[in-house]
Amino acid sequence: MSGSDLPRPLVLLGLSGIAPQALCLVLAVAPGPYRWVALAAGCFYAAIILSFLGGLWWMAGLLGGLKRTWVYGLAVAPSLIGWAALLPWNLGWSWPAPSLLLLGVVLLTSPVVDRVLARQITLPSGWIRLRIIMASGLGGLTLALGVAGLALG
């Protein structure tokens, strides 16, 4: 990534985080016994990554010296959204397609929080661009997995 202060391994590892969801999508649409497992694994993966993002936002706020409560409330929201997305499975409700769609939308929109944080604190050069790429990839694949889940019924 030109114009970025981000170390190359960080960029490569960040982008490689899209691969598990791509594999889940391939398995979900391919004939075979792994369709349901792929949908469930993709849902759990999206929820885990979303929770991870909240931790990043919490630490960014802390390291940036932010004292505003809303920053930390916003940082807790991804874990709660991920948790809520997994609850329907436990209750026997329609799952995981609706949860995948919710998680996909939240992942796609998550760089908005990074942009808000960037107005409050200094983030590394190239971070917002990398986040947009990662969120677009993972969010888009999660939405596609949700659509595949709807099609599988």
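Couple of notes before you dig in:
- Set L103, L62, L87: member being assigned to a helix (DSSP H, G or I) and under 21 Å from A144 (Cβ atoms): L103
- Condition check for S16 on (1) in contact with a Leu (Cβ under 8 Å, 6 or more places away or on another chain); (2) of a type in the set (G, A, S); (3) free of Cβ contacts under 8 Å to residues at least 60 places away in the same chain; (4) under 18 Å from G126 (Cβ atoms): one failure, at (1).
- Only one of the listed residues (R115, R119, R131) is of a type in the set (K, R), under 24 Å from L23 (Cα atoms) and assigned to a helix (DSSP H, G or I). That residue is R131.
- Qualifying residue in region 120-127 (condition: surrounded by 19 or more Cβ atoms within 10 Å (Cβ to Cβ), under 18 Å from I48 (Cα atoms), in contact (Cβ under 8 Å) with a residue 12 or more places away in the chain and aromatic (F, W, Y)): no
- Residue in region 90-97 that is surrounded by fewer than 14 Cβ atoms within 10 Å (Cβ to Cβ) and within 18 Å of the chain's Cα centre (by Cα) present: no
- Which listed residue, of L86, L108, L101, is surrounded by 13 or more Cβ atoms within 10 Å (Cβ to Cβ), within 24 Å of L10 (Cα to Cα) and either of a type in the set (D, E, K, R) or in contact with a Ser or Thr (Cβ under 9 Å, 6 or more places away or on another chain) (or both): L108
- The listed residue being surrounded by fewer than 18 Cβ atoms within 10 Å (Cβ to Cβ), under 15 Å from the mean Cα position of the chain (by Cα), closer than 21 Å to L27 by Cβ and in contact (Cβ under 8 Å) with a residue 24 or more places away in the chain, out of G146, G140: G140
Computed from the coordinates by the stated procedures, all read-outs in this text should not be read as laboratory data. All values reported here derive from a predicted model rather than from experimental measurement. Here the Cβ is made from the backbone with ideal geometry for all residues, glycine too, and neighbour counts use every protein chain on show.
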